[in-house]
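The values are calculated or read from the model by the stated rules, or taken from the named source; none is laboratory data. Quick caveat: nothing in here was measured; it's all calculated off a predicted structure. Don't worry about glycine lacking a Cβ; one is built from the backbone with ideal geometry, like all the others, and counts go over all protein chains shown.
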Amino acid sequence: MSPARPRRRGRLSLTVAAVATAALVTSGAAAAGPVAPAVADVSASSTFSAGRSTPSVDLGENVIVFDESMATADIESQANAIADAQVDNEMGTARWSLLFKPGTYGTAADPLQIRVGYYTEVAGLGASPADVVINGKIESYNRCLTADNCIALNTFWRSLSNLTLDISAEGQDGCRGTANFWAVSQAVSVRRLDVRADEGDPTFSLMDYCTNGPQYASGGFIADSRFGTVVNGSQQQWLTRNSVVDEWSNGVWNQVFSGVEGAPDDAGFPDPTYTTVDNTPVSREKPYLFVDSRGAYKVRVPQAQTESRGISWADGTTAGRSISLSDFYVASPGDSVKTINSQLARGKNLLLTPGVYDVDSSITVKRANTVVLGMGQATLTAVGGSTPLVVSDVPGIVVAGVTIDAGTEKSDVLLQVGSVRNGNGNGNSSSSWLRKITTPNPITLSDVYFRVGGPHVGKTDTAMRIDADGVLIDHTWVWRADHGVEGFTDGVNGDTDRWNTNTGTTGVVVTGDDVTATGLFVEHFQQRNLLWEGERGTVILFQNELPYDPPTQADWTQPDGTLGWPGYTVAADVETHTLFGAGVYVFNQNNPDIVTASGFSVPSTPGVQLNHVMTVNLNAGTVQHVVNDTGAQVDSSAPGVPSFVTVYPEP
């Protein structure tokens, strides 16, 4: 299956023949920007109590625990009712965690088939993925905006983890019968998944080619998982880290593999568009909830690794430590910040059960090795201009599975890691403790997402600041929303509403030294999307869309006269920095005449090296160069056709 080369969100669509070829054209109807219809939140207490397993601790009414004694039809009924309620509930407040106790679910003759909608986590509760076996499929399909416009460009905020899928069962559904469909885009992770199928069949498809319409998909993340054949299809960019694959079907713009056994050769880049890093320099798998042999709930916290490759559970339990749930404060959305901080100060870890938390002052994590784990896309919303989460510069803190929303009053920053350095610092190795590369214990952010606007107006100066050294960012999406409910218009013909109301100046600032990012997605900020000022930074996959909505060129011009801001900026005095696999996309929907000088701006020094980077026009706007003054212009004369730079600077 050859890749289509689609754009992402906005007013552009493709005419696709058999999902194999595509030509970029303009469309009169928004491809992915409409306000979703109102969807009532589903109450577990009223609808899903019957037949569910009761955990030994109260995890809230939006956590459903299944065990293998339950009938397959009952599990499907409960899970798919939630999926039906969430399929269009993109800007809603419902959050769900669907958990499977160790056991086997479904049979070859009667497979378990469930779907996953917005803000839903599906996970096994075993110590190993082998402890929970699903004979059947757990899937995410295209979202049909109209009958003939079905895409995955907005299928955000969902996850699948810690179980085995055997999809070779009978009774699968027609066109989708030979693969588990996982048609998704940003803020979606697959972790600790083992997928089996009949020999010769694909096991996992990252696009849904069985609905009408363009069938585009745009971005995602796999870690610590094992597959047979993966059908990439129309996925524009994807990161697979520390996994095993037998075969990967094809690429579009950026298909990046790090520490993956069976990863494709990237020697021919950009044909095909593969980027392969043999070993992941620094990694740590995300913490996960499990039930031990006595039925007690615990959280496993994997240890960090250096130069790692393959899955962490190949030889048994993932190396790390287990923490009893009694050592966590189990928070609910109604809890005050004062209560949460008091529990953290007493030495508790923090488990955020599913829901939206209004945060009017900072949740502050100060103790070394503290774990903050969100369930079911738990969301912290800034209130009164607060910084919802502050992480001290001490070793081993892990924040995972948390989404942070900007509020209607401007915040200086949404997540602060380490103490803010003077100016923007350029990293000065001022951490109070030493991280030894042989036994790392980094502050780690796993599946931590940001949203500026969408369900309501959002305002922030900066979404995430990393001022500590040695931090590991393992999959993040930092999004200034390009569509939503309040403060959003179509953004066409000079409309300035979104530009002036949904404000985010900078996406990510990194001043710390020795920071590693695996899976860094940053989009639509009004000046710098990424500003990297620390030394010895490493980024493996970066994806960016420049803002859609600058009203005029003057609004998108730097004070020194430079046209626009690059999507990726490394400060001029940085001496060492490495990037593998990156793309900056332009779709100046509001004013197609806007010009950006370059997609990437970095010092021209041998210690700063970019590998496999590109820019692409999505039918509006111009980027004159890929890196600095290197690389061909992209503009509306050739929409969807990237400009690639294989290595910068050239050796």
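The set of residues in region 357-377 being in a strand (DSSP E or B) and over 20 Å from Ile323 (Cα atoms) consists of Tyr357, Asp358, Val359, Ile363, Thr364, Gln377.
Residues checked against (1) touching a residue at least 12 places away in the same chain (Cβ under 8 Å); (2) of a type in the set (Lys, Arg); (3) not assigned by TED's automatic domain parsing to the domain that holds Ala400:
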{"position": "Ser161", "(1), (2), (3)": "yes, no, yes"}
{"position": "Ser168", "(1), (2), (3)": "yes, no, yes"}
{"position": "Cys175", "(1), (2), (3)": "yes, no, yes"}
{"position": "Arg192", "(1), (2), (3)": "yes, yes, yes"}
{"position": "Gly200", "(1), (2), (3)": "no, no, yes"}
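Can you spot a residue in region 169-176 that is at pLDDT below 95, at negative phi, assigned to a loop (DSSP other than H, G, I, E, B) and among the hydrophobic types (A, V, I, L, M, F, W, C)? Among the residues of region 169-176, at least one is at pLDDT below 95, at negative phi, assigned to a loop (DSSP other than H, G, I, E, B) and among the hydrophobic types (A, V, I, L, M, F, W, C), which makes the answer yes. Against the condition assigned to a loop (DSSP other than H, G, I, E, B), without any contact (Cβ under 8 Å) to a residue 60 or more places away in the chain and surrounded by 17 or more Cβ atoms within 10 Å (Cβ to Cβ), how does Pro354 come out, does it pass? Judged against the criteria, Pro354 is not a match.
Kindly check whether there is at least one residue in region 499-515 that is assigned to a strand (DSSP E or B), modelled with pLDDT of 95 or more, within 15 Å of Leu610 (Cα to Cα) and in contact with a Leu (Cβ under 6 Å, 6 or more places away or on another chain).
If we filter region 499-515 for residues that are assigned to a strand (DSSP E or B), which is where we start, we get 503-510.
If we keep only those that are modelled with pLDDT of 95 or more as well, we get 503-510.
Now narrow it down to the ones that are within 15 Å of Leu610 (Cα to Cα): none.
Within region 499-515 (the criterion being assigned to a strand (DSSP E or B), modelled with pLDDT of 95 or more, within 15 Å of Leu610 (Cα to Cα) and in contact with a Leu (Cβ under 6 Å, 6 or more places away or on another chain)), the answer is no, since none of the residues qualifies.
On inspection, Leu373 fails the criterion of being crowded, with 20+ Cβ neighbours inside 10 Å and free of Cβ contacts under 8 Å to residues at least 24 places away in the same chain. Looking across region 209-231 at every residue that is buried (at least 24 other Cβ atoms within 10 Å of the Cβ) and of a type in the set (A, V, I, L, M, F, W, C), the one that is nearest to Gly177 (Cα to Cα) is identified as Val230.
For every residue, the table says whether it meets (1) in a strand (DSSP E or B); (2) not hydroxyl-bearing (Ser, Thr, Tyr).
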site	(1), (2)
Phe525	no, yes
Ile540	yes, yes
Asp549	no, yes
Gly561	no, yes
Thr569	yes, no
Glu575	no, yes
Val584	yes, yes
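Can you name the residue in region 588-615 that is of a type in the set (Gly, Ala, Ser) and surrounded by fewer than 24 Cβ atoms within 10 Å (Cβ to Cβ) and, of all such residues, is nearest to Thr557 (Cα to Cα)?
So in region 588-615, the residues of a type in the set (Gly, Ala, Ser) come out as 597-599, 601, 604, 607.
Filter once more, so that each one left must be surrounded by fewer than 24 Cβ atoms within 10 Å (Cβ to Cβ): 597, 601, 604, 607.
Working: Ala597: 10, Ser601: 15, Ser604: 22, Gly607: 29 Å.
Filtering first and then ranking leaves Ala597.
Taken across region 540-550, residues that are surrounded by fewer than 22 Cβ atoms within 10 Å (Cβ to Cβ), in contact (Cβ under 8 Å) with a residue 12 or more places away in the chain and within 23 Å of Gly219 (Cα to Cα) do not occur at all. Residues in region 317-351 that are of a type in the set (A, V, I, L, M) and touching a helix residue (DSSP H, G or I) at 6+ places or on another chain (Cβ under 9 Å): Ala331, Leu350, Leu351.
Of the residues in region 323-351, how many are of a type in the set (S, T, N, Q), touching a Phe, Trp or Tyr at 6+ places or on another chain (Cβ under 6 Å) and in a strand (DSSP E or B)? Working first, answer last.
Of all residues in region 323-351, those of a type in the set (S, T, N, Q) come to 324, 326, 332, 336, 339, 341-343, 349.
Those still in the list that are touching a Phe, Trp or Tyr at 6+ places or on another chain (Cβ under 6 Å) too: 343, 349.
With the extra rule that they be in a strand (DSSP E or B), the set shrinks to 349.
Going through region 323-351 one residue at a time, the tally reaches 1.
Against the conditions (1) of a type in the set (Gly, Ala, Ser); (2) at pLDDT 50 or above; (3) within 24 Å of Glu139 (Cα to Cα), Ala38 satisfies every one except (2). Restricting attention to region 204-227, the residues being in contact (Cβ under 8 Å) with a residue 40 or more places away in the chain, part of a strand (DSSP E or B) and more than 16 Å from Ser161 (Cβ to Cβ) number 1.
Of all residues in region 92-139, how many are in contact with a Lys or Arg (Cβ under 6 Å, 6 or more places away or on another chain), under 15 Å from Val190 (Cβ atoms) and not in a helix (DSSP H, G or I)? Quick ask: steps written out before the conclusion?
The first filter runs over region 92-139 and keeps only residues in contact with a Lys or Arg (Cβ under 6 Å, 6 or more places away or on another chain), leaving 113, 116, 119-120, 125, 129, 139.
Checking which are under 15 Å from Val190 (Cβ atoms) leaves us with 116, 120, 129, 139.
From what's left, not in a helix (DSSP H, G or I): 116, 120, 139.
Here the count works out to 3.
Among the numbered conditions (1) closer than 24 Å to Leu520 by Cα; (2) of a type in the set (Val, Ile, Thr); (3) in a loop (DSSP other than H, G, I, E, B), the only one that Val230 does not meet is (3).
In region 192-208 there is no residue matching the filter, namely being β-branched (Val, Ile, Thr), closer than 30 Å to His524 by Cβ and surrounded by 21 or more Cβ atoms within 10 Å (Cβ to Cβ). In region 138-152, the residues that are under 11 Å from Gln215 (Cβ atoms) and outside the structural domain of Glu76 (by TED's automatic domain parsing) never reach a residue that is buried (at least 24 other Cβ atoms within 10 Å of the Cβ) and of a type outside the set (Phe, Trp, Tyr) with C-beta atoms less than 9 angstrom apart, at least six apart or across chains. Scan region 577-587 and give yes if some residue there is of a type in the set (Val, Ile, Thr), more than 22 Å from Thr276 (Cα to Cα) and crowded, with 23+ Cβ neighbours inside 10 Å, otherwise no. Yes, region 577-587 has at least one match.
Would it be correct to say that Lys459 is at pLDDT 95 or above and surrounded by fewer than 24 Cβ atoms within 10 Å (Cβ to Cβ)? Yes. Taking (1) at pLDDT below 95; (2) assigned by TED's automatic domain parsing to the domain that holds Gly103; (3) of a type outside the set (Gly, Ala, Ser) in turn, Arg294 satisfies each apart from (2). Scanning region 233-249 for residues that are outside any loop (DSSP other than H, G, I, E, B), under 16 Å from Met614 (Cβ atoms) and not aromatic (Phe, Trp, Tyr) yields Gln235, Gln237, Leu239.
Of a type in the set (S, T, N, Q), over 29 Å from Pro455 (Cα atoms), touching a strand residue (DSSP E or B) at 6+ places or on another chain (Cβ under 8 Å) and at pLDDT 90 or above, is that true of Thr72? Before the answer, list the steps.
Values: of a type in the set (S, T, N, Q): yes; over 29 Å from Pro455 (Cα atoms): yes; touching a strand residue (DSSP E or B) at 6+ places or on another chain (Cβ under 8 Å): yes; at pLDDT 90 or above: yes.
Judged against the criteria, Thr72 is a match.
In region 75-113, the residue that is nearest to Glu170 (Cα to Cα) out of those that are crowded, with 23+ Cβ neighbours inside 10 Å and of a type in the set (Val, Ile, Thr) is Ile75.
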